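S.K.: Encoded as structure tokens, here's the structure I'll be asking about.
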Amino acid sequence: MGKSYDLVVIGTGTAAMVASSRVRAAGWSVAVIDHRPFGGTCALRGCDPKKMLVTGAEAVDLARRMHGRGVAGGARIDWRDLIAFKRTFTDPVPEKHEHRYADKGIDAYHGRARFVGPDAVAVNGTTLTVRHVLIAAGARPAPLGFPGEEHLVTNEEFLEMEALPKRIAMVGGGYIAAEFSHIAARAGAAVTIVQRGSRMLTGFDPDLVGWLMERFKEIGVDVRTGTAVAAVEKTATGFAIRTRSAEGERAFEADLVVHAAGRVPALDDLGLDTAGVARDGGRLKLNEHLQSVSNPKVYAAGDAAAVGPPLTPVSSHDAKVVAANLLDGNMHRPDYRGVPSVAFTLPPIARVGLSEEEARGQGLRFRMKAERVPDWYTARRVAETVYGFKVLVEEGTECILGAHLVGPHADEVINIFGLAIRHGLTADDLKTTMFAYPTGASDIGYML
């Protein structure tokens, strides 16, 4: 027998928890549906567990850099113990999320959700009649379209490996390839990255990426840009990866091949056509309120919406916008100003706001300060050779247009620039702020 709800949320990640909690607090009847363990990508299969593995790599990397500088003895990663440490965080997450939903009076369904009409969703043979649906189903690995792609493991499977293979190939050159290669190389694996584009980390400033690539080389990561995978074949000893580039065809072997070539909204199994939910090129067609343009009962948030950057804070922000629109009517729009993005390489690279190319393309008048500064105290203290920045300040308003950092504490300092961009703080506001010293933030005044 079916039930009726004011809101059904497909997914149980960040966006689902935020939106369902807010709407339920307003007295609506709410249910969530997920065919996977509750908690979503970030907490279970993405940023949080990945950062825990990065912590192990950070400890080893710092010990190696400080060797001969007052630190003696060796350090190495015990992969099995590191994965066990990660699981101390991830394993309790599903049960905690289920308890949170129950405590709030939100019904939870385990199974695949599928639209069976414009206002009906089925799960495990039960049909739920809905006033509204929020699609917060996250993303999945993008299809690659070459023979043998079924042999690749996903980022999720990499994070669950009990043992780390000796030879690893990463297909793609974005966040996953950059971060996982830094982890794996410091754990003793030989890593090869195959990137179709001319460089890695295309969302970040090319000059800073160039500085960071020196660290890839130092740790032995073989980066092959301008190279496409033609096929992956299973062999007696692992996998053969066949590639094509301007230099011709090549092949190399690996024990593990990781899909690191991006993710797309996870929409294929939802029965969207039955609900009259329009798509365009694999993405939902949404209006400025994150509402379906063809079925007003349906909204989307986070990676499933694919409107803002594919980041956890964006999922939370989207969910707040959707919840407000459900409760107040369509009066709210997402605002993605000042959203920082970080690749947790060692050292990390970060950006917020406009790139130099974007600012010039918009015809903005600005001054730019860019410098590589490995001699600054922040870098020398931890024996880090890669440290630099590029900051864009608009002429006239003195507002920060964009900030790009690579080096120690870049992942934290970038938030100060994000705060400035989002709330209209000027370069002088930052220069006259008294930051604790010596810290990464105390360098900000010298970057402006």
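The values are calculated or read from the model by the stated rules, or taken from the named source; none is laboratory data. Because the structure is a prediction, the values reported are computed rather than measured. No Cβ is skipped: glycine too gets one built from the backbone with ideal geometry, and neighbour counts run over all protein chains shown.
S.K.: Quick check: anything in the range 62-70 out of contact with any Lys or Arg (no Cβ under 9 Å at 6 or more places or on another chain) and on the phi > 0 side of the Ramachandran plot?
M.R.: Within the range 62-70 (the criterion being out of contact with any Lys or Arg (no Cβ under 9 Å at 6 or more places or on another chain) and on the phi > 0 side of the Ramachandran plot), the answer is yes, since at least one residue qualifies.
S.K.: Of Ala137, Ala113, Ala108, which residue is hydrophobic (A, V, I, L, M, F, W, C), assigned by TED's automatic domain parsing to the domain that holds Ala305, in contact with a helix residue (DSSP H, G or I) (Cβ under 6 Å, 6 or more places away or on another chain) and over 30 Å from Glu179 (Cβ atoms)?
M.R.: Result: Ala108 is the single residue among Ala137, Ala113, Ala108 that is hydrophobic (A, V, I, L, M, F, W, C), assigned by TED's automatic domain parsing to the domain that holds Ala305, in contact with a helix residue (DSSP H, G or I) (Cβ under 6 Å, 6 or more places away or on another chain) and over 30 Å from Glu179 (Cβ atoms).
S.K.: Turning to a different aspect of this structure: Among the strands (runs of 3 or more DSSP E) contained in the range 238-329, which hold 2 or more residues that are within 23 Å of the chain's Cα centre (by Cα)?
M.R.: The qualifying strands (runs of 3 or more DSSP E) are 256-259, 263-265, 298-300.
S.K.: Also: Tally time: how many residues in the range 347-364 are crowded, with 24+ Cβ neighbours inside 10 Å and farther than 25 Å from Lys217 by Cβ?
M.R.: Of the residues in the range 347-364, 2 are crowded, with 24+ Cβ neighbours inside 10 Å and farther than 25 Å from Lys217 by Cβ.
S.K.: Further, regarding this structure: If you go through the range 325-340 one residue at a time, do you hit one that is buried (at least 21 other Cβ atoms within 10 Å of the Cβ), out of contact with any Lys or Arg (no Cβ under 8 Å at 6 or more places or on another chain), of a type in the set (Asp, Glu) and under 30 Å from Ile10 (Cβ atoms)?
M.R.: no
S.K.: Restricted to the range 20-35, and to residues that are within 19 Å of Thr129 (Cβ to Cβ) and assigned to a helix (DSSP H, G or I), which residue is farthest from the chain's Cα centre (by Cα)?
M.R.: Arg24
S.K.: For the range 350-427, list the strands (runs of 3 or more DSSP E) that sit wholly inside it and hold at least 3 residues that are in contact (Cβ under 8 Å) with a residue 12 or more places away in the chain, assigned by TED's automatic domain parsing to the domain that holds Pro438 and within 20 Å of the chain's Cα centre (by Cα); which are they?
M.R.: Those strands (runs of 3 or more DSSP E) span 400-406.
Rundown of residues vs (1) at pLDDT 95 or above; (2) within 30 Å of Ile33 (Cβ to Cβ); (3) surrounded by 15 or more Cβ atoms within 10 Å (Cβ to Cβ), yes/no style:
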| residue | (1), (2), (3) |
| --- | --- |
| Arg242 | yes, no, yes |
| Glu247 | no, no, no |
| Ala254 | yes, no, yes |
| His259 | yes, yes, yes |
| Gly262 | no, yes, yes |
| Leu267 | yes, yes, yes |
| Asp273 | yes, yes, no |
| Gly282 | no, yes, no |
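S.K.: Out of everything in the range 38-61 that is in contact with a Lys or Arg (Cβ under 9 Å, 6 or more places away or on another chain) and in a loop (DSSP other than H, G, I, E, B), what residue ends up being farthest from Leu346 (Cα to Cα)?
M.R.: Phe38
S.K.: Residues Gly210, Gly188, Gly145: which one is assigned to a loop (DSSP other than H, G, I, E, B) and either surrounded by 15 or more Cβ atoms within 10 Å (Cβ to Cβ) or free of Cβ contacts under 8 Å to residues at least 40 places away in the same chain (or both)?
M.R.: Gly145
S.K.: Anything in the range 330-349 that is assigned to a loop (DSSP other than H, G, I, E, B) and of a type in the set (Gly, Ala, Ser)? List them, or say none.
M.R.: Gly338
S.K.: Tell me, which residue of the range 229-253 that is touching a residue at least 40 places away in the same chain (Cβ under 8 Å) and in contact with a Ser or Thr (Cβ under 7 Å, 6 or more places away or on another chain) is farthest from Arg186 (Cα to Cα)?
M.R.: Among them, the one singled out is Ala230.
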